[in-house]
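Quick notes on the structure that follows.
The values are calculated or read from the model by the stated rules, or taken from the named source; none is laboratory data. Quick caveat, the model's predicted, so the values are computed rather than measured. Cβ placement follows ideal geometry from the backbone for every residue including glycine, while neighbour counts extend to all protein chains displayed.
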Amino acid sequence: MEEIGEDSPGEDEDEEWESEEDPEGSAAIQRVFAKYDKAKVVDNVLEDMEESFDEMINKRMAEWKRKYYKEKLEIDWDKPDEMYPLIHRYVEGLQWVVHYYYKGVSSWGWFYNYHYAPKISDLKGIADFKFDLQLGKPFLPFQQLMGVLPSDSMEHVPAAYRVCDVLKMEADKCRTSCTRRHPPFSTSTPRRSLLT
């Protein structure tokens, strides 16, 4: 077996490699090193990174909430006087449900007059809310039916209950108070009745 000596072919290749230095490549390397030498050294402290991340999350969450409330509910998230009725009504609904399951109906006429709920992080100050739910009277079956059917479907109500246009006006009044501030989900698709 031959020993690799000073005159071995591997050494000649190394010398060739070193001697063929590219001046353009050397200049590029020097530019990179110069940039690193001039770079500002910042100590990355974990607390600073966490604060920065929290700020970014809070900023994006606020943007998302502004967009949600504006598009879905036509409410300005930055105005507490516009947010209060939504939050109050929502929490009142939660109170209604709890009362219903533990003690029975607390109000026959109560309804949630928005199509969307507030975000849970916006439910603030709810301990100070006061609710005054009036028991009222239960709806008669035809009133319940007219409350969920479009007024154009009045013909599905038995003829004995179709006294006159009072039922239609009553149903429109009930539906209008619910959709007064918020339009129906879709106006392009007609509402279908389960009874047809």
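Looking only at region 63-81, residues that are touching a residue at least 12 places away in the same chain (Cβ under 8 Å) and surrounded by 12 or more Cβ atoms within 10 Å (Cβ to Cβ) come to 7 in all.
Output the residues belonging to region 27-77 that are over 37 Å from the mean Cα position of the chain (by Cα) and modelled with pLDDT under 85.
36, 37, 38, 39, 40, 41 - these are the residues of region 27-77 that are over 37 Å from the mean Cα position of the chain (by Cα) and modelled with pLDDT under 85.
Put simply, of 116, 101, 161 the only residue that is at pLDDT 75 or above, out of contact with any Ser or Thr (no Cβ under 9 Å at 6 or more places or on another chain) and surrounded by 13 or more Cβ atoms within 10 Å (Cβ to Cβ) is 116. Residue 83 passes every criterion in (1) farther than 16 Å from residue 124 by Cα; (2) hydrophobic (A, V, I, L, M, F, W, C); (3) under 18 Å from the mean Cα position of the chain (by Cα) apart from (1). Kindly provide the set of residues from region 124-139 that are among the hydrophobic types (A, V, I, L, M, F, W, C) and either in contact with an Asp or Glu (Cβ under 7 Å, 6 or more places away or on another chain) or over 20 Å from residue 106 (Cβ atoms) (or both), ordered by number. Scanning region 124-139 gives a single hit, 131.
Residues checked against (1) modelled with pLDDT of 70 or more; (2) within 27 Å of residue 73 (Cα to Cα):
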{"site": "133", "(1), (2)": "yes, yes"}
{"site": "136", "(1), (2)": "yes, no"}
{"site": "144", "(1), (2)": "yes, yes"}
{"site": "149", "(1), (2)": "yes, yes"}
{"site": "157", "(1), (2)": "yes, no"}
{"site": "168", "(1), (2)": "no, no"}
{"site": "171", "(1), (2)": "no, yes"}
{"site": "176", "(1), (2)": "no, yes"}
{"site": "180", "(1), (2)": "no, yes"}
